[in-house]
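Structure record follows, encoded as structure tokens.
The values are calculated or read from the model by the stated rules, or taken from the named source; none is laboratory data. Note that the structure is a prediction, hence the values are computed from the model and not measured. Reconstructed Cβ throughout: ideal geometry from the backbone, glycine too, with neighbour counts over all protein chains shown. The protein model used for the area step is the full one, side chains on, heavy atoms only, and it has no ligands, DNA or RNA in it. Shrake-Rupley method; radii C 1.70, N 1.55, O 1.52, S 1.80 Å.
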Amino acid sequence: DAICNFVICNDSSLRSQPIIFNPDFFVEKLRHEKPEVFTELVVSNITRLIDLPGAELAQLMGEEDPKLPGANSTASGFFRSLMSLKRKEKGVVFGSPLTEEGIAQVSQLIEYLHKNLRAEGLFRVPGNSIRQQILKDALNSGTDIDLDSGEFHSNDVATLLKMFLGELPEPLLTHKHFHAHLKIADLTLFDEKGNKTSTPDKERQIEALQLLFLILPAPNRSLLKLLLDLLYQTAKKQDKNKMSAHNLALMFAPHILWPRNVTANDLQENITKLNNGVTFMIKHSQKLFKAPAYIRECARLHYLGSRAHTSKDDLDLLTSPSSKELQPLKSQKRSRLDTCHQEETQQRTEEALKELFRHVHNMPDSAKKKKLIRQFNKHPTALTPGSDVPTSPAPRRTRSRSFSGLIKRKVLGTPVILERKSRDATPEPERVSKENVHLLQKCGSPAHMSQAKLKSLEGRKEESCRRMRAHLLSKDSSSL
């Protein structure tokens with residue numbers, strides 16, 4: 001299957017431009033094509049970092065309605081009725097659920113504020129209410145606005161941006177994620193003894209926020225990225241505008257994180273935690289919208305045919321530190337299977353050879369046994385069983401039980417000679433007498449000797465053998 005499309009550009013002026021590669025390509029592809037698989041992958045890693053009981057996990061997955069603080073208070077009824085009145089007058093942008101069209105309109109405010117970050121008390125000092133209403137109506141109607149004309153002040157635009165966020169039906173970070181943000185704020189380091197300290201574990205907090213932002217609705221994530229980037233740039237110029245990251249968090253936490261229809265009294269136990277959480281988001285906003293490396297790898301492997309690796313721990317085991325890139329999983333699996341098959345076949349072959357070798361050595365001495373042994377010796381040493389194979393010593397057979405054999409053993413005291421030697425062994429030269437040796441030295445090798453001389457040598461040898469037998473027989477008979 002095709003993973004991506006290629007566009008061929010014939011414009012020579014564009015060929016020299018650098019190619020832009022999105023490292024989160026497979027992450028976004030998996031999010032849009034298989035949202036259930038993507039959500040399961042991300043949530044499984046979130047629960048590895050923070051402890052979410054069953055009810056809170058079900059709320060994060062959208063399986064249960066969020067149980068928020070102050071939901072049953074008397075004040076919540078008043079706020080609920082007030083918000084319903086506002087929604088009756090909702091336009092295209094303000095008071096409506098977040099849409100791409102609404103983000104396109106509000107992005108005009110964000111772009112303008114990027115150019116005017118030096119205004120002192122930005123987002124804290126309110127603007128003119130009349131100018132704000134004119135600007136709000138223009139955004140709701142979808143008319144073009146020229147913010148650079150000088151008609152509006154930066155404080156008007158900043159206040160209107162906060163108003164837009166506050167009138168959303170639910171906070172930008174959603175009600176489902178509320179309890180997860182409280183748990184992320186509690187992530188702290190452990191000392192050497194394993195005891196929890198008060199020092200925040202920034203690396204785990206960043207990782208948890210990266211995962212949590214991945215499962216935000218696409219419009220929420222897009223606007224959150226624009227907003228946090230604006231607040232990050234604002235905090236960088238705090239020497240001019242007097243607005244630090246913490247001051248900005250105090251202005252925006254009620255609009256993007258606090259649940260709707262609650263008061264400060266309902267959140268009194270968690271207000272500090274929520275404000276610190278938004279402060280952390282502003283300071284580390286440049287890292288929070290990148291998918292963790294193991295999520296990228298899981299998404300990539302998913303489209304290469306593997307769904308087995310779904311957590312960071314699995315990928316740590318999979319990836320070796322020396323390898324720069326992983327081979328496609330299908331080819332790795334095929335090569336592993338081929339290797340295992342070859343090893344298994346070789347092992348069975350060696351076991352069969354050892355068994356056959358053992359069986360041959362246990363056979364009685366015969367021409368067939370020696371022929372088999374000679375065939376074993378012709379094979380390479382890699383296929384021949386090693387010397388560690390236990391073999392029982394083959395029984396020696398005497399040349400004969402004849403009368404002459406008994407005489408030789410009694411008189412000469414020589415050991416019994418095997419009837420035949422192995423054919424593959426080098427045959428020993430026949431024993432000759434001193435006269436024959438002297439004659440051979442004179443005449444040279446048998447190849448150079450004449451036929452008559454060879455017959456003469458054989459005759460002498462037979463004559464000496466007859467004399468020896470006669471001598472032995474006579475000596476044996478006299479002793480009897």
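Shape of the stretch 183-270 from the C-alpha gyration tensor: rounded (a/c under 1.5, with a ≥ b ≥ c the square roots of its eigenvalues). The GluC sites (Glu not before Pro) of the stretch 182-218 meeting both criteria, a DSSP state outside H, G, I, E and B (loop) and at most 16 other C-beta atoms within 10 angstrom of the site's C-beta, are Glu192.
Here the gap between Ile134 and Gln286, fully extended at 0.36 nm per residue and compared with their Cα-Cα distance, gives a gain of 51.3 nm. Modelled this way, with points 7 Å down the Cα-to-C-beta line, the labels at His153 and Met363 are 11.1 nm from one another. Taking R0 as 41 Å, what FRET efficiency do you get between Glu28 and Gln347 from their Cβ-Cβ distance, rounded to the nearest 0.05? Approximately 0.30, to the nearest 0.05.
Overall, the accessible surface of the stretch 95-162 at a probe of 1.4 angstrom is composed of carbon and sulfur to the extent of 48 percent. All other residues whose Cβ lies under 13 angstrom from that of Pro35 are scored, Lys and Arg at +1 and Asp and Glu at -1, for a net of -1.
Compared with the direct C-alpha span, the chain from Glu64 to Glu463 gains 132.0 nm at full extension, assuming 0.36 nm per residue.
Shown here for the stretch 139-207: trypsin sites (Lys or Arg not before Pro) in loop regions (DSSP other than H, G, I, E, B) with at most 11 other Cβ atoms within 10 Å, namely Lys193. Counting only protein heavy atoms and a 1.4 Å probe, the stretch 173-250 has 45 square angstrom of accessible area per residue. Computed with a 1.4 Å probe on the full set of protein chains, the accessible area for Glu33 sits at about 100 Å².
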